[in-house]
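So the structure is just underneath, and the comments pick up after that.
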Ligand code: ATP
Ligand code: MG
Ligand code: MG
């Protein structure tokens, strides 16, 4: 019996544990919160990731380690990987938890990125805004997620407010200013690389964010094959450069036919949740296969799928469950504004059937605005 240890005990760890049950796996989860929702399915070690005692307790009960969360301190990841096999490796984690290191790697591999300037002082910020022009976005280099740690600068005069909001974090890990990309679409490549280097991707996913948080995903995205091939090439180059093992997501902006890399999430990803019911093998199943050295499963889509995130509180499940291709995921979390508490996936064999199901669910739940961009895309694919 193999026990997989997961650092981070949120919904990603929870869905990984659910996917691992048929493989006969056991799980142990470490999280800073005793409420971590993966703890409902797996023993939970509660402690700070820098707490040597908690980390040693976690390490003693597992055969192999992985992550549901990229911000585990580099020293803790290094300590753990000297004791148990760990995938992805600490270098992949270290590079992708710092937006500057990540963008530097993108550049080295010839992957285009939005214009950016590192910012450490208020003077740096003024010079960076003058260089990139407004609008632009000031971000913390580290620890951001769901749009947290970001400030949108609409005009040069907003620089002071941006510094007031984030300047305190300039000393702790640094800041980065990015040009705002007026993209037509956001896409992600969810990919998996096995221990022997085999590389597979799920069909490209189109994503819609609201206030920096993922709201809806549609897969397979309707994009030109040439664009998809380029996105897959970028993902493969990154996986090889990082000697990556496991699932990751590369987030991309599509603007004027160009693909610009936003960030790489070194873990299973919200934009891959549709694969649980919408693909032959889910991102969670293939992540486990990859880290355990098992053969990878096929990543082909089973028809078309749309994932809707539930943010803040769960809606009523009835309308989704009444759909022939409706699937419900309640993460067992308490409601809190802005918190991801669950999602639904609608799967169908055609665009028409998917659009009909989305319209019914959107109307029944009062979520017309959430489904609207997906419906618009289904009506006007390219
Ligand atoms: P995640 O939860 O995906 O890790 P995050 O906090 O790391 O999110 P980003 O992915 O950097 O944040 O940004 C969140 C969203 O904000 C993006 O998906 C995109 O919609 C928007 N955004 C971020 N950077 C830019 C940019 N340079 N130009 C335009 N939009 C952007
Ligand atoms: Mg991120
Ligand atoms: Mg992101």
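Only the coordinates and a few stated rules stand behind these numbers; no lab work does. Quick caveat, the model's predicted, so the values are computed rather than measured. A quick note on method: Cβ atoms are made from the backbone with ideal geometry, for glycine too, and the neighbour counts reach across all protein chains shown.
Using alpha carbon centroids, what distance separates the range 91-130 and the range 244-266, in Å?
First find each Cα centre; the distance between them is then 15 Å.
Among 244, 145, 49, which comes first, then next, by fewest other beta-carbon atoms within 10 Å?
Listed from fewest to most nearby Cβ atoms, that is 145, 49, 244.
For the range 19-144, compute Rh as the Kirkwood radius over C-alpha pairs and then the Stokes-Einstein diffusion coefficient at 10 °C and 1.306 mPa s; write the answer in µm²/s, rounded to an integer.
92 µm²/s
Pop a pseudo-label 7 angstrom from the Cα along the beta-carbon direction at both residue 258 and residue 224 and give the gap in nm to one decimal.
With each label point 7 Å from Cα toward Cβ, the separation is 1.5 nm.
Per DSSP H run of at least 4 residues, take -39500 (n - 2.57); add these up for the chain, divide by its residues and hand me the 222 nm value, nearest 500 deg cm²/dmol.
Values: 13 runs with 125 residues, N = 382.
So the helix-based figure for the chain works out to -9500 deg cm²/dmol.
Roughly how far apart, in whole Å, are the Cα centres of the range 162-202 and the range 18-54?
Centre-to-centre (Cα) distance: 26 Å.
Using the Kirkwood radius over Cα pairs, work out the Stokes-Einstein diffusion coefficient for the chain at 4 °C and 1.567 mPa s, in µm²/s as a whole number.
Stokes-Einstein gives a translational diffusion coefficient of 61 µm²/s.
Can you tell me the length gained on complete extension of the stretch residue 33 to residue 180, counting 0.36 nm per residue apart and subtracting the Cα distance?
Gain on stretching residue 33 to residue 180: 49.4 nm.
Out of all Cα-Cα pairs in the range 245-367, roughly what percent, to the nearest whole number, are more than 19 Å apart?
Cα-Cα pairs in the range 245-367 separated by more than 19 Å: 57 percent.
Run a plain Debye calculation on the range 115-179 (Cα atoms as equal point scatterers, no solvent) and give log10 I(q)/I(0) at q = 0.16 Å⁻¹, rounded to two decimals, same order as the q list.
With no solvent term, the Cα-only Debye profile gives -0.40.
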